[in-house]
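These notes concern the structure reproduced below.
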Amino acid sequence: MKLVADTAALGALEVTTTDGQPIAVGSAWERGPAVLVWLRHFGCLFCREQVKDFMKHQAALEAKVYTKQAKGIALRFIGIGTPLMAKDFQETYAVTAPVWVDKGRRTYALLQFRNGWDTVLNPRTILGSLRALSKGQFQGRTTGKPDQQGGVLVVGPGGKVEYGYASEVAGDHPPVDEVLRAAYAAAAPVRQAS
């Protein structure tokens, strides 16, 4: 489902790093384009699948020249839980991109990400589970709010939303290639002008 976002309000919200430090969401795109991925929770098999798919492209995103002063497209993951859970998730799954925590789900609420048991207990989720299991993912300890859904934003220069996707049900992710095209397009105009 397409996602529309008020990046001024979103950028001002604070989340927490794995070290327990507050950080403004907008810091992700203050030096260049950013891909932000909201996870359901750190034990979610779908989230593990999605993170693995994005991590395959992290080096290429970071290497993308944005301007002479700033290099790379930022990749950030935001989940529900505690900094310790996020750090464990990061270490267990070799996630080298920053993982932030939104324990109070304020960013989720602002972006109006879906929640409710109908987003978890449905046929599409069962099919998604089979897909994730076939890729070697498994369900871990559920943390946070298990019926909360996530989404993906690509934010370009000036906080412009270049791409937005809100998951309708658990396991509903946008195609990674589609997200990457939007991220590279967000970096292209500034790179050509420098």
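The values are calculated or read from the model by the stated rules, or taken from the named source; none is laboratory data. Computed from a predicted structure; not experimentally measured. When we count neighbours, we look across all protein chains shown, and the Cβ atoms used for this are built from the backbone with ideal geometry, even at glycine. Side chains included, ligands, DNA and RNA excluded: accessible areas come from the protein's heavy atoms. Shrake-Rupley method; radii C 1.70, N 1.55, O 1.52, S 1.80 Å.
At a glance:
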quantity: Some residue of the stretch 146-165 being farther than 26 Å from residue 73 by Cα, at pLDDT below 95, among the charged types (D, E, K, R) and out of contact with any Gly (no Cβ under 7 Å at 6 or more places or on another chain); calculated: no
quantity: Residue in the stretch 21-32 that is of a type in the set (Lys, Arg) and over 16 Å from residue 100 (Cα atoms) present; calculated: yes
quantity: Yes/no for residue 20 being more than 16 Å from the chain's Cα centre (by Cα) and either surrounded by 18 or more Cβ atoms within 10 Å (Cβ to Cβ) or in a loop (DSSP other than H, G, I, E, B) (or both); calculated: yes
quantity: The stretch 61-84 residues that are of a type in the set (S, T, N, Q), paired with ones that are modelled with pLDDT of 95 or more and open to solvent by 10 Å² or more (accessible area, probe 1.4 Å) (beta carbon under 9 Å, 6 or more apart); calculated: 82/16; 82/20
quantity: Residue match in the stretch 59-74 (condition: outside any helix (DSSP H, G or I) and under 21 Å from residue 113 (Cβ atoms)); calculated: yes
quantity: Any chance residue 43 is on the phi > 0 side of the Ramachandran plot and either under 14 Å from the mean Cα position of the chain (by Cα) or small (Gly, Ala, Ser) (or both); calculated: no
quantity: Subset of the stretch 79-102 that is more than 14 Å from residue 40 (Cβ to Cβ) and either part of a helix (DSSP H, G or I) or among the charged types (D, E, K, R) (or both) - its residue that is modelled with the lowest pLDDT; calculated: 92
quantity: Breaking point among (1) open to solvent by 30 Å² or more (accessible area, probe 1.4 Å); (2) in a loop (DSSP other than H, G, I, E, B); (3) not hydrophobic (A, V, I, L, M, F, W, C), for residue 52; calculated: (2)
quantity: From 28, 34, 59, residue being aliphatic (A, V, I, L, M) and surrounded by fewer than 16 Cβ atoms within 10 Å (Cβ to Cβ); calculated: 59
